[in-house]
Structures are given as C-alpha cells and as structure tokens.
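Bear in mind that the values in this text are calculations on the coordinates, not laboratory data. Note that the coordinates shown come from a computational prediction; the quantities given were computed from them, not determined experimentally. Here Cβ is always computed from backbone atoms with ideal geometry, including for glycine, and neighbour counts include all displayed protein chains.
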Amino acid sequence: MRIVALDERARARGLRRDQTLGDARALAPDLDCRPADPEGDRALLLKLAGWCERYTPLVALDAAAEAAGSHGLFMDITGCAHLLGGEAGLVADLEARLCAQGFSVRLCLADTPGAAWAMARHGEARILPEGAHAAAIEPLGLSALRLEPSLVTALGRVGLKTVGCIARLPRAPLAARFGARLLQRLDQALGREAEALSPLMPVAELSTERRFAEPVSQHDEISHVIAALAAGLIEPLERRGLGLRRGRIRLFRVDGHVGELAIQTARPLRDARVIARLFEERIAGLHDDLDAGFGFDLIRLDVVHADPFAGVQADLVAGAGGGEHDHDALIDRLGARLGTGRVQRFVLADTHIPERSFGRLPAARLQPGAGRGRAAAGLALAAVPQDEGLPEGIVTRPLILFERPEPLQTIAEVPDGPPLKFRWRGVSYEVARSEGPERIACEWWRDGRGARTRDYFRVEDSQGYRFWLFRHGLYGRETGEPAWYMHGLFA
Amino acid sequence: MSLSRLQIATDILAAQTRAGEARACRAHSGMGAGDAGAAAPLALGATAVDRCLEGGLACGGLHEVRSPLARDIGAAAGFVLGLAVRAGQAGRGGRQGVVWVSDPAARVDGGGLFPAGLAQHGLDPSLITMVEPADLQGALWAADEAADCAGLAALVLQIRGNPARFDITATRRLMLRARQSGVLALVLRQSGEEEASAAATRWRVNTEISGTDDLDQRGVGAMRLSLTLERNRTGRTGHWFVAWNPQTRTFDHAAPTPVLRSVHPAAHSRHRLSATGHRQDPPRTMGQVLDHRQDFGRAS
C-alpha cells in the first residue's frame, strides 16, 4: 500500500507521495490514513466545478492533471471579474470560500490556461498582469508544460530543463525529435495557439442572478427572489424576440452545495408571473423540502433554451381564443409539479400490433399545437385511424387496453374457433356472442422467427360484458396448444 | 312629512335587501351571471334523460360516474368519454381538450386508454392529455388545477374505491372551481360505493347486453349501457338504457329488445331487468322469459 495523496501537515513530517504505508507509519505513528476513493474524489471535483459556476459559466475539468493523478479546474473568467471587484477581488473571494469549505487550493490567474496551470503548480504568483505570462513561466521546469513525465525526462537528458530553454531553440528539430505535442503545449502556454475549454454544463442563453450578503433560507424569501429574477429576464428576452422553453434555478448554498430545479414549457414563455409560478410548483412538488441548510448566498436563474416568441394578437372579445393557451399553461404547471414525464399525450406509430401502435410522450416535449396534427419525434401524431372498407360507426377496437395481455383459461368448441367459456381474474364468463377472428400477424422483422400470429375475437358474455381476446399462435401450424389472452375492454 | 319620508326610506331599504337576497340566492344556486356554469346545459341526446335533467348536465359542475364492479370500467369509461366528446363539441368557445387524471390505485389493473378505441368512439386521441401523478394527493391537486383551466372541455378524475382524502371538501372544491371555469368535471369512480359528495349528479353505469347485429346473428351488436341516475341535485332520478352513437356523437335510447338466448337464461334474471335508483316502488316480479321493459323512455 502506498500513499496517493497527503496534506501539508503530513508533508511537513517528511512523508511524500508513493511512499509505502509501512514507512510512513514508522515516521509518523499517529498517521490518520484512509483508503483512496478515486470515484468519490471525482464526484467531489464535479460538485466543486458546479459550485465554481457562481463565478463564470465556463468551468472545465483539468484533464492533464487528472492523468497525472491530481485534480484541477479551469475557469474562463473573461468578462466576469468586474462583478466581484476585479481580478484581485475574484481570486480573493474564491480562495476564501474554498478555504472555508476545507479545501487547500493553489490558484493562479493568467492570460492563457497553460500559463495559469504552470504558475498554479510550479510558480508563486497568483495574478499575472496582462502580457507577463511569457516571462513568468520561462524559469519554470518543463513539467510545468503539462507534458508526460517520460518526455520531461528525455528532455532533461539532453540538458533542456526549463521552459525558457525550449522557447529559444529552433522549432523544427525539436518537433522532429520530441514530437509535435511539445511545441503545442509550449504554444498554448505562451498564447501562440488558442486552447478551447469545454465547459461542463451547457452554457445558458441568458442568466440572471442575485447575491446576498446574508444567506436566505426562508421559503417566502426564495420565492420572492425567484419572482424578481424572472421579472428581470423579461426585458432581455423581449429584446431578442425569444421566449423561455427550458429554464433552471441554481441555488448556491453557503457550504458549497448547489441545488438545481429545472422547468420545461410547452410553448415559448415570456411572462414573469407564469415563470415564477412554474418554479413554485416545482418546489412544491419536491418530495423533501428545499434543503436550505445554513441558507443560500447566490440564486441564479438560467434560460437554458429559448425559442422565437411569436407575438399574439390580442382578441377583441375577451377570453375568446385563449383556450389553447390556457391548456398549454396548464400542462406546464402540471409538468413542473408532477414531473414532465407524468403528463403525457398519445402519439401513433405505424404498426398493427395494438400495444405497439401508440406511445405516450411528455406533453411538454411535443411541439406547441402538436395536439392538432403536426408530426413530432419521428412518430406520426394521432390522425384518426380508420380501417379501410369499414363502415363508420362500427367498433372494432376497445376503449381500455391492457398494457400486458393477461392469460386466460378457456374452453373452445374447436381449437381454432372462438372460446365458449373463459376464466379471467378468477371469474368465469360464458361467451354469448362473438365476432372474429381478426388476424394480426407478428412482426417478424422485430420479433424474430419464432413469433406467433394473433387471432383477435370480440366477445360478449351472457351479462353483456364485452371483451377483446386473442389466441396466440395458429393451431396446428405454429403451436399445438395455443394460449389465450385478454387484451381489452369495450364500452 | 318627515314620517312619510322615513317610510319611503324604509321601503327603499327593504327593496334593496330583497334584491340583495335574491342576488345571493341566485349566486348560491350557481345561476349568477358571473358563473360560466350558467351557460347552456349539456344535453346527452337521449330525450328522456335530458327531460329528467331539465335540459342536460350542468356544464360547469362536478358529476360522478361510478361503476360498481371493476369489470364495468369499460362501460363507465364509455359513458364518461361520451360526455367528454359532447362537452368538446358543444361549441363553447373552442374548448376541446380533455384532461384525464388517474389516481395510482386506479391504474393497478393495468388497463389504459387505447387511442384506436378512442378514435372509434368519436374522440380524437390527440386531444387527450393523460396525467398520472404518483399519489392521490397529486391527483387531486392536478384535478383542481385542471378544473380551473377555462380552456378545457372536460376533466376526468379516475379514482378507485372511496379514498378518505377525496371527501366532501375535496369534491366541493372541485365543484366550485369547475363552476367558475365552465369545465365539465367528471369523477370516474371505479368499484366504489355511494358516498356523500358535492357532485351535482351521480350516475351508476352497468354494461348491458348489446343490440342485435343485422349482419350476423351471433355477432356483437352496438354497445348499450344501463344508466342509473342515483342522485340529482335538482331532484329527479331515473333509470334508462342508452347507446352511444359515435357517428352522431349522441346518446340514443336503446330499446331493450327481448332477445331469446336459449343458452343463457341468466340474461333475463330479475335483478338484471330493473335496477332502480332511489325510487319508492320496488321492481315487480317478472315472468321467466317475457321482457316488459317497454318503458325505457320513462323518467321517474
């Protein structure tokens, strides 16, 4: 067993990474050690990255550090520093908050991600003034360039030990001998080559936030803040001609936890009261209350996705034509509280197998007005299916369909005829009248070769109950003992 | 002089009080001008039923439909959906949507609405929004919200049995909201008992032997329902046989034809013949085979 990570105090006692646990125990008998938990570390890092979004939406994981067994985050604070009193204010605030959460951090602000990485790990300066990064990293060792250790060793063997050494050498021979990666890292650190950070979370189209000197934890205060934030969103949405389709609230708790509440709307929305109400419903629908802990010190409202907002011509007659709109608003409210997956609409699929002939999709995901005949999500929407050649008014399909056909015990006159008697859910029924069979073949392209044909019968029992039964498998050809199933109830 | 003036003032005051009382009465009985429910009642199409209801069901109001047995759910759903179709058709300001809220207990049987069946029943499946909350509390909340939404034609709340939480307060809340918005609010109570509620009417729906099929003697004919109006706020109750006609989208009276079914004498047993509502007279004993239900159009 070896030491993977250790803190400052352990280092001061002479311990180091990769030391065996036995050696470490000999040096420091009172050592407090825990088994390494890389997955837990990564989860924590992701949580921390989420928390760092209070400073900028562009937070990225440091892949190079992860490969080397340590952890780091990149933040692109372009255009964000002035909100916290400039770069110095931001760095001080970030460091103070992270220390308060119990992390020991090293941070550096520089013109390029590469230079910031080098200075944070190998340098002393915390904020490099603009343009000073090249001079600052020159004296640093080559490991500051995010290179593989083997490459650093190879360069050291030929006497190249600092960044400055390489920067002054001719480029072509370097690339020929040590690979293009070396020059790429050098150029990235010096700002000759741009380096894109890929943010963890999709960047919101718009966001508005409020910071509190004193953390808020009361439910009314939070809803008040949400209402105010929503009101602040309306003007920018109007200017861009957009309406909110998906939004989220992020609640930054004092102790570093970040709560998130998302809403989805059926049509682009630009009404602050409605937006705030949807979030209210979302909060009310939580199983446990918002865990406010010691309170939230930052609440942010993001517009994750927005769609062009079609202006509505107000009707002269009050109330007329508002029906459709009301309906969509209702779907949004229900979806916000119960979860969008619990508010569904039918979509039809092109198949004859009854239980596959339709699907149910969240109503909020369908396009606005989709209920009136537009296609969505690759499935044709319910255009009323009419069997060809069937006179209108003849009913062949039940109102209630069982998701899973239920097995029956039946007595039939002949093996391929309708049943005379059957037993379903513990009750016997005598068939008085029947119609059928309606044969629905299996879908061999989905179910494979062994799939069986279904013969559907519409039967009425002696008391007037009307059922939809089917025999699974053709007698004599597909099976010797066909099974019967109950599949639906007629009105 | 001063006396007569005082007299006049008193008269005016009395007149105002009377007017105020009348207004309050109207408002109380749901006939106030501000209520959307005061709009034209929703006729079922079957004349005798409509006559008994004095024109039809109150559109903005709560109505309960119960099916005594679990297997009657098909018939009850047929009746409820027929009402929903008619509510969407009645041309009440373009209201069309139907919200179907189901309590988890009502979903345990595994049966769900089938779009192809809905279409044949006369209801465009794309107009239906299914709401399936995780608990009864959520279902009641969703129903309240939907009853508030003036853009809906009908709201169906499907519950099972008689849950304590769906009590008279909950039904009254639903009733008041529906009256405000003009939504036809229907409670579909599956295998439930009679219970005090604020609903304007309560119906019991049983399935009934289907009509004759002209093409096929042994075939299943048009659906028929045995409909019992168990409770009616405005007073009269009754029992009818009706059939839903998906073409005209009306309920028609169905004559209980005395079909002889040699194999199944049970079809004519007494208790199947005459299900009474809260009527005074008990059903008379009938003969073995003869069917006297010629009074199918009669309201009690």
> Which Rg and Dmax, in Å, describe the Cα atoms of chain A?
Replying inline: 33.5, 100
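For region B:36-273, build the convex hull from the C-alpha positions and give me its volume per residue in Å³.
Roughly 126 Å³ of hull volume per residue.
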> Can you pull the mean other chain C-beta count within 10 Å for peptide B:199-211?
Replying inline: 2
> In nm, to one decimal, how far is the residue B:249 label point from the residue A:213 one, both placed 7 Å along Cα→Cβ?
Replying inline: 6.3 nm
> In peptide B:60-71, how many Cβ atoms from other protein chains are near each Cβ within 10 Å, on average?
Replying inline: 1
>> Can you tell me the orientation of helix A:272-284 relative to chain A, as the angle in degrees between its alpha-carbon axis and the longest Cα principal axis, to the nearest 10?
In response: 80 degrees
> If we sort B:168-174, A:65-71, B:74-80 on the protection proxy, mean other Cβ atoms within 10 Å, highest first, what's the order?
Replying inline: B:74-80, B:168-174, A:65-71
>> If the only charges are +1 at each Lys and Arg Cβ and -1 at each Asp and Glu Cβ, what is the size of the charge dipole of region B:36-273 around the Cα centre, to the nearest 20 debye?
In response: 460 debye
> What average number of partner chain Cβ atoms lie no more than 10 Å from the Cβ of the residues making up A:343-353?
Replying inline: 4
> What's the angle, to the nearest 10 degrees (0 to 90), between helix A:38-52's Cα axis and the longest principal axis of chain A?
Replying inline: 80 degrees
> Residue by residue through region A:296-310, which ³J(HN,Hα) values in whole Hz follow from phi under the Karplus form 6.51 cos²θ - 1.76 cosθ + 1.60 (θ = phi - 60°), with glycine and proline marked x?
Replying inline: 9, 10, 8, 10, 10, 10, 10, 9, 6, 9, 10, 10, x, 9, 7
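Tally Lys/Arg at +1 and Asp/Glu at -1 over every other residue whose Cβ is under 11 Å from the Cβ of residue B:231; what's the total? Write down the numbers at each step before the final one.
Details: positive: B:66, B:202, B:204, B:233, B:236; negative: B:64, B:194, B:195, B:230.
Net charge in that neighbourhood comes out at +1.
Rounded to whole Å and sorted largest first, what semi-axes of the equivalent ellipsoid does the C-alpha gyration tensor of region A:53-190 yield via the square root of 5 times each eigenvalue? Please report the intermediate quantities before stating the final value.
Values: eigenvalues 176, 48, 32 Å².
Ellipsoid semi-axes (Å, largest first): 30, 16, 13.
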> Which residue, chosen from A:429, A:482, A:418, occupies the Cα position most advanced towards the positive end of the dipole of region A:400-489, where the dipole is computed from +1 (Lys, Arg) and -1 (Asp, Glu) charges on Cβ about the Cα centre?
Replying inline: A:482
> Which cross-chain or sequence-distant (5 or more) residues have an amide H under 5 Å from the amide H of residue B:69, H modelled 1.01 Å from N in plane?
Replying inline: B:191
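State to the nearest 20 debye the size of the charge dipole of chain A about its Cα centre, where the only charges are +1 on K and R beta carbons and -1 on D and E beta carbons. Working shown, then result.
Numbers: 63 positive and 66 negative charges, 260 e Å.
Rounded to the nearest 20 debye, it is 1240 debye.
What fraction of the Cα pairs in region B:58-158, stated in percent, has a spacing above 19 angstrom? Could the numbers behind the result be given before it?
Details: 2079 of 5050 pairs.
The share of Cα pairs beyond 19 Å in region B:58-158 comes to 41 percent.
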> Direction-averaged shadow area of the convex hull around the Cα atoms of region A:202-290, nm²?
Replying inline: 6.4 nm²
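For Cα pairs less than 8 Å apart in space and 6+ apart in sequence, what is the mean separation divided by the residue count of region A:400-489, i.e. the relative contact order in percent?
On the way: 184 pairs, mean separation 26.0, N = 90.
Contact order relative to length: 29 percent.
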>> Quick query: amide H of residue A:424 versus all other amide H atoms, modeled in the peptide plane; which residues come in under 5 Å with a sequence gap of 5 or more or a different chain?
In response: A:429
> Could you give the angle, 0 to 90 degrees to the nearest 10, between helix A:323-338's Cα long axis and the longest principal axis of the Cα atoms of chain A?
Replying inline: 60 degrees
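Normalised by the number of residues in chain A, what is the relative contact order in percent for Cα pairs under 8 Å and 6+ residues apart? If you can, show how the numbers build up before the last one.
Details: 754 pairs, mean separation 41.2, N = 491.
After rounding, I find 8 percent.
Please quote Rg/Rh for region A:109-228 to two decimal places, taking the Kirkwood radius as Rh and restricting both calculations to Cα atoms. Walk me through the intermediate numbers first.
On the way: Rg = 21.1 Å, Rh = 17.2 Å.
Rounded to two decimals, Rg/Rh equals 1.23.
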>> Calculate log10 I(q)/I(0) of region A:4-79 for q = 0.14, 0.15, 0.24, 0.28 Å⁻¹, where I(q) comes from the Debye formula with a single equal point scatterer on each Cα and nothing for solvent.
In response: -0.60, -0.66, -1.08, -1.26
>> Using Cβ contacts closer than 10 Å as the measure, can you line up A:402, A:103, B:166 from fewest to most?
In response: A:103, A:402, B:166
